[in-house]
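A short worksheet on the structure shown next.
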Amino acid sequence: MTPSAYEPFDQSIADALVKAHDAPGGLPGYLGIRFQELTAGRLLATMMVRDELVTPMGAVHGGVMAGFVDHTLGCVLYPLMKRGQWAATTEFKLNYLRAVKTGTLTAEATVLSMGRRSAVVRVDVSNEGKLVCVAQGTLLISDPPTGK
């Protein structure tokens, strides 16, 4: 789908998400995820490989890659959703293509389909210019609870 297919796109939410990832907390903070660019239907994020993220076998732990992918899966949707809605991953699949030992991981999340209640997002992760992981996930789009 083209970026114009994702209207409305809330630039202020995109800008706030990018700024918040200059010094994020929680899991994104621990992993060191930084957002480089967030446009309508596309997110580019990076993460440096550090010793504590690497297994005794010398490669980035698969759970680290899964956390990186899952975070980008959801965040790419926020500027496209109504304010107050949230996205929850209901499933995702990863194909690990090669071991990552050093350098920077770059994730490109692309919205493939988005409806009122769900979305499908693809994430390609590269390391030093080589594709190392491809993933696709489905996310539930929820409205905020109504007052009772």
Exercise. Can you list residues whose amide H is under 5 Å from Gly103's amide H, if they're 5+ apart or on another chain and H is modeled 1.01 Å from N?
Worked result: Val49
Seminar exercise, completed: Checked against the positive end of the charge dipole of segment 3-142 (+1 on Cβ of Lys and Arg, -1 on Cβ of Asp and Glu, about the Cα centre), the farthest of Leu17, Ala66, Asn127 is Ala66
Exercise. Cα-based Rg of segment 38-143 per 2.2 N^0.38 Å, rounded to two decimals?
Worked result: 1.09
Exercise. What are the ³J(HN,Hα) values, in whole Hz, obtained from phi via the Karplus relation 6.51 cos²θ - 1.76 cosθ + 1.60 with θ = phi - 60°, for each residue of segment 77-86 in sequence order, with x given for Gly and Pro?
Worked result: 7, 4, x, 9, 8, 5, 4, x, 6, 9
Exercise. Counting pairs of alpha carbon atoms under 8 Å apart in space and at least six apart in sequence, what relative contact order in percent does the chain give?
Worked result: 23
Exercise. Out of Asp70, Asp124, Asp22, any idea which swings most in a Gaussian network model of the chain, alpha carbons joined below 10 Å?
Worked result: Asp22
Seminar exercise, completed: Per GNM of the chain with C-alpha springs under 10 angstrom, the most fluctuating residue out of Leu43, Leu77, Leu53 is Leu53
For this session: Rank Ala135, Ala45, Ala23 by mean-square fluctuation in a GNM of the chain with C-alpha springs under 10 angstrom and give only the top-ranked residue.
Result: Ala23
Exercise. How far is helix 62-75 tilted off the main Cα axis of the chain, in degrees rounded to 10, range 0 to 90?
Worked result: 20
Problem set entry | Total charge dipole magnitude, the chain, about the Cα centre, Cβ charges on Lys, Arg, Asp, Glu only, Debye to nearest 20 | 280
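What fraction of the Cα pairs in segment 82-148, stated in percent, has a spacing above 18 angstrom? Mind dumping the intermediate values first?
Working: 1068 of 2211 pairs.
So the pairs more than 18 Å apart make up 48 percent of the total in segment 82-148.
No value in this document is a laboratory result; all are computed from the given coordinates. Here the structure is a predicted model, which means the values were calculated and not measured. As a convention, Cβ positions derive from the backbone with ideal geometry for all residues, glycine included, and neighbour counts pool all protein chains shown.
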